[in-house]
Amino acid sequence: MAKSLEQANELLRSWGAAIAQCNTAFPTTADQIETDTRINTLFSIQESLELLFNDAKQRQGFMTSTHKNMFDNHKPLSLIANGKLDDLIEVQRQIRSLVCI
């Protein structure tokens with residue numbers, strides 16, 4: 001079943017995103033294909049986080065902490081919330097790589 005924009009925003013909020021960050025993560029200029037890509041990428045990140053961390057607080061902590069080696073001293077959530085699709089995909093790639101180690 002396809003995930004909705006509302007579910008994606010709920011997921012972002014569960015990671016600690018403010019409403020403004022949720023809005024920026026889904027630019028109004030994005031077409032439906034891009035929006036669907038963003039939604040699917042967010043839920044792919046969540047799947048990886050669930051494999052890495054049993055607890056929702058740990059997942060939130062990971063997403064709101066700076067990571068020197070993985071995200072060039074940025075928070076994954078901040079990169080997602082900057083609105084750049086390439087950054088969202090890179091966050092997913094980096095987190096997914098942790099599962100594969």
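The values are calculated or read from the model by the stated rules, or taken from the named source; none is laboratory data. Keep in mind it's a predicted model, so treat the numbers as computed, not measured. Backbone-built Cβ (ideal geometry, glycine too); neighbour counts: all protein chains shown. Side chains are part of the model used for accessible areas, which takes the heavy atoms of the whole protein and leaves out ligands, DNA and RNA. Shrake-Rupley method; radii C 1.70, N 1.55, O 1.52, S 1.80 Å.
Does any residue in the range 74-92 that is more than 14 Å from ASN9 (Cα to Cα) come within less than 6 Å, Cβ to Cβ, of a residue that is of a type in the set (Asp, Glu) and not in a loop (DSSP other than H, G, I, E, B) six or more places away or on a different chain, and which pairs are these? Hits for this filter: LEU79/ASP87. Of all residues in the range 16-31, those that are in contact (Cβ under 8 Å) with a residue 60 or more places away in the chain have Cβ atoms under 7 Å from Cβ atoms of residues that are exposed (fewer than 15 other Cβ atoms within 10 Å of the Cβ) and part of a loop (DSSP other than H, G, I, E, B), 6 or more apart or on another chain, in GLY16/THR64. Within the range 49-67, the set of residues being under 16 Å from ASP87 (Cβ atoms) and open to solvent by less than 20 Å² (accessible area, probe 1.4 Å) comprises MET63 only.
Scanning the range 1-40 for residues that are hydroxyl-bearing (Ser, Thr, Tyr) and outside any loop (DSSP other than H, G, I, E, B), we see that the one that is least open to solvent (accessible area, probe 1.4 Å) is THR35.
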